[in-house]
Structures are given as structure tokens and as C-alpha cells.
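Only one structure is covered here, and it is reproduced in the block below.
What follows draws every value from the coordinates through simple rules; no lab data is involved. It should be emphasised that the depicted structure is a prediction, and the values quoted were computed from it without experimental measurement. Using ideal geometry, Cβ is built from the backbone for each residue, glycine included, and neighbour counts are taken over all protein chains shown.
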Amino acid sequence: MRISVDLNRCQGYAQCCFADPTVFKMHGEEALEFDPAPSDERRLHVIRAAKACPVQAIYIGESYEDQEERSAAHE
């Protein structure tokens with residue numbers, strides 16, 4: 001799983017931090033820090049965090065490894 005955050009859109013409401021403090025943390029009052037490649041065990045928490053974002057600044061995608069596994073399974 002890969003995460004990206006549009007930091008221009010992020011307003012620092014920190015709802016993602018409340019939903020998944022393991023992956024998302026506020027550094028100071030306005031700077032968001034996050035793990036761009038959390039483990040798959042965090043998937044449901046990360047999805048909850050993305051849905052909690054009032055400005056929808058969090059994007060979730062597949063990691064390169066996930067894409068490779070999916071391609072290999074279809075061959």
C-alpha cells in the first residue's frame with residue numbers, strides 16, 4: 001500500500017492522526033508527517049483516516065510490489 005498526501009490541500013485538521021496515529025502524526029501545529037508505505041495490517045486504519053480527512057487530501061494506492069503480484073497472478 002502507498003499513501004500520498006496533497007500537502008497543499010491539507011489544512012492540519014489532524015483527523016487522520018486521530019484515526020491512525022501510527023501512520024499519521026502532526027509535527028508542530030501545521031506540518032503533517034506520515035508513513036508513505038505502511039504495512040498491510042494498517043490498511044483499514046489508513047482507509048478510515050483517509051475518509052476522515054475533511055478536505056480529502058489523502059490518497060491510497062498500491063505499492064509497486066502489490067502491482068507486480070497482481071500482474072503475476074493474472075499471467
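Please go through the stretch 8-43 and give me each residue that is farther than 13 Å from Q56 by Cβ, of a type outside the set (G, A, S) and loosely packed, with under 12 Cβ neighbours inside 10 Å, ordered by number.
Here is the first cut: in the stretch 8-43, the ones farther than 13 Å from Q56 by Cβ are 12, 14, 17-43.
From the residues that got through so far, the ones that are of a type outside the set (G, A, S) too are 17-18, 20-27, 29-30, 32-36, 38, 40-43.
Result: H27, E29, E30, P36, D40, E41.
Would you check if E33 is of a type outside the set (K, R) and more than 16 Å from N8 (Cα to Cα)? Working first, answer last.
Numbers: of a type outside the set (K, R): yes; more than 16 Å from N8 (Cα to Cα): no.
Taking the combined requirement at face value, the residue does not satisfy it.
Starting from the stretch 11-24, keep only residues that are more than 17 Å from P38 (Cβ to Cβ), then list their pairs with residues that are among the charged types (D, E, K, R) and in a loop (DSSP other than H, G, I, E, B) whose Cβ atoms are within a distance under 7 Å, requiring at least 6 positions of separation or different chains.
Hits for this filter: G12/E29; G12/E30.
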